[in-house]
Amino acid sequence: HEPAPATVGEPRQASASQAVLERLISLAGPDLPALVCDIAWNVLARNQAMTDRIADPAPQAEDRNVILWLFTPEAERIIGDVSHTRGAEIGQVHLALARHPGDPRLEHLLARLRQVPEACRLWDRHHISEDAVISPRRVRARGSEAPCMADLLSLEFPGGLRLLVLVPRAAWPAVSR
């Protein structure tokens, strides 16, 4: 296991890996929503496509957490099978805690999840679904009524970074304004 950081906060300087991942998502283009997160799914960077096509995970930077966002009404509107997604991602939190025992960022996430009744119920099931790098998601793009299929690419990098990219299987629906 990698050593756990001493605090919940972000490191003072972004690592070289984080800088490269942030550059990568900025180059992804308008149809490839992407995020860079820390080990506890706290959003460190997102590209404009994420904001334009899907959503901003939270208005306040300190509240931007992908897992916690899954339990919001906004996520319910955007994700077609939000219950399945919530269960799968809670399972990933279980795995992350097993891989990174004692990490204060993950412990902080767990404490916040315990304040959400649905998250507690899923946590207590101790169900870990397939550890998929690519998983299908039915999403409703911002401004669209019709859901479409996309694949969520989720990669963990050394140093506790995650790259999340939502790859549409076909063109995103036209935005109705």
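The values are calculated or read from the model by the stated rules, or taken from the named source; none is laboratory data. Bear in mind that the values here come from a model prediction, so they are computed numbers and not experimental data. Every residue, glycine as well, gets a Cβ built from its backbone with ideal geometry; the counts of neighbours run over all protein chains shown. For the accessible areas, the whole protein counts, side chains as well, though only heavy atoms, and no ligand, DNA or RNA atoms are used. Shrake-Rupley method; radii C 1.70, N 1.55, O 1.52, S 1.80 Å.
If you go through region 111-129 one residue at a time, do you hit one that is in contact with a Ser or Thr (Cβ under 7 Å, 6 or more places away or on another chain), outside any strand (DSSP E or B) and either closer than 15 Å to Ile78 by Cβ or of a type in the set (D, E, K, R) (or both)?
To start, the set of residues in region 111-129 that are in contact with a Ser or Thr (Cβ under 7 Å, 6 or more places away or on another chain) comprises none.
Within region 111-129, not a single residue is in contact with a Ser or Thr (Cβ under 7 Å, 6 or more places away or on another chain), outside any strand (DSSP E or B) and either closer than 15 Å to Ile78 by Cβ or of a type in the set (D, E, K, R) (or both).
Consider region 149-168. How many of its residues are over 19 Å from Asn47 (Cα atoms) and open to solvent by 20 Å² or more (accessible area, probe 1.4 Å)?
Filtering region 149-168 for residues over 19 Å from Asn47 (Cα atoms) gives 149, 158-160.
Going one step further and asking which of them are open to solvent by 20 Å² or more (accessible area, probe 1.4 Å), we end up with 149, 158-159.
Count: 3.
For the condition out of contact with any Lys or Arg (no Cβ under 6 Å at 6 or more places or on another chain) and free of Cβ contacts under 8 Å to residues at least 40 places away in the same chain, what is the one hit in Arg86, Arg112, Arg105? Working first, answer last.
Values: Arg112 fails: free of Cβ contacts under 8 Å to residues at least 40 places away in the same chain; Arg105 fails: free of Cβ contacts under 8 Å to residues at least 40 places away in the same chain.
From the options Arg86, Arg112, Arg105, the qualifying one is Arg86.
Output the number of residues of region 96-135 satisfying the condition of being of a type in the set (A, V, I, L, M) and surrounded by fewer than 16 Cβ atoms within 10 Å (Cβ to Cβ).
Keep residues of region 96-135 that are of a type in the set (A, V, I, L, M), which gives 96-98, 106, 109-111, 113, 116, 119, 122, 128, 132-134.
So of that shortlist, the ones also surrounded by fewer than 16 Cβ atoms within 10 Å (Cβ to Cβ) come out as 98, 111, 128, 132-134.
Here the count works out to 6.
Within the bounds of region 160-176, is there any residue that is in a strand (DSSP E or B), touching a Pro at 6+ places or on another chain (Cβ under 6 Å) and in contact (Cβ under 8 Å) with a residue 24 or more places away in the chain?
Step one: filter region 160-176 for residues in a strand (DSSP E or B), giving 161-168.
From the residues that got through so far, the ones that are touching a Pro at 6+ places or on another chain (Cβ under 6 Å) too are 166.
Going one step further and asking which of them are in contact (Cβ under 8 Å) with a residue 24 or more places away in the chain, we end up with 166.
Within region 160-176, one or more residues are in a strand (DSSP E or B), touching a Pro at 6+ places or on another chain (Cβ under 6 Å) and in contact (Cβ under 8 Å) with a residue 24 or more places away in the chain.
Could you tell me whether region 52-64 includes any residue that is surrounded by fewer than 16 Cβ atoms within 10 Å (Cβ to Cβ), among the small types (Gly, Ala, Ser) and at pLDDT 90 or above? Walk me through it before giving the result.
So in region 52-64, the residues surrounded by fewer than 16 Cβ atoms within 10 Å (Cβ to Cβ) come out as 56, 59-63.
From the residues that got through so far, the ones that are among the small types (Gly, Ala, Ser) too are 61.
Then keep just the ones that are at pLDDT 90 or above; that gives none.
Checked against the condition, which is being surrounded by fewer than 16 Cβ atoms within 10 Å (Cβ to Cβ), among the small types (Gly, Ala, Ser) and at pLDDT 90 or above, region 52-64 yields no hits at all.
Does region 142-173 hold any residues that are hydrophobic (A, V, I, L, M, F, W, C) and touching an Asp or Glu at 6+ places or on another chain (Cβ under 9 Å), and which are they?
As a first pass, look at region 142-173 and keep what is hydrophobic (A, V, I, L, M, F, W, C): 146, 148-150, 152-153, 155, 157, 161, 163-167, 170-172.
Leu161, Leu163, Val165, Leu166, Val167, Ala171, Trp172, listed by residue number.
Test Arg114 against the criterion of being basic (Lys, Arg), more than 30 Å from Gln48 (Cβ to Cβ) and out of contact with any Pro (no Cβ under 7 Å at 6 or more places or on another chain), and give yes or no. Write out each step before concluding.
Numbers: basic (Lys, Arg): yes; more than 30 Å from Gln48 (Cβ to Cβ): yes; out of contact with any Pro (no Cβ under 7 Å at 6 or more places or on another chain): yes.
So Arg114 passes the test.
If I go through region 33-49 residue by residue, how many of them are buried (at least 18 other Cβ atoms within 10 Å of the Cβ) and more than 23 Å from His100 (Cβ to Cβ)?
Matching residues across region 33-49 total 3.
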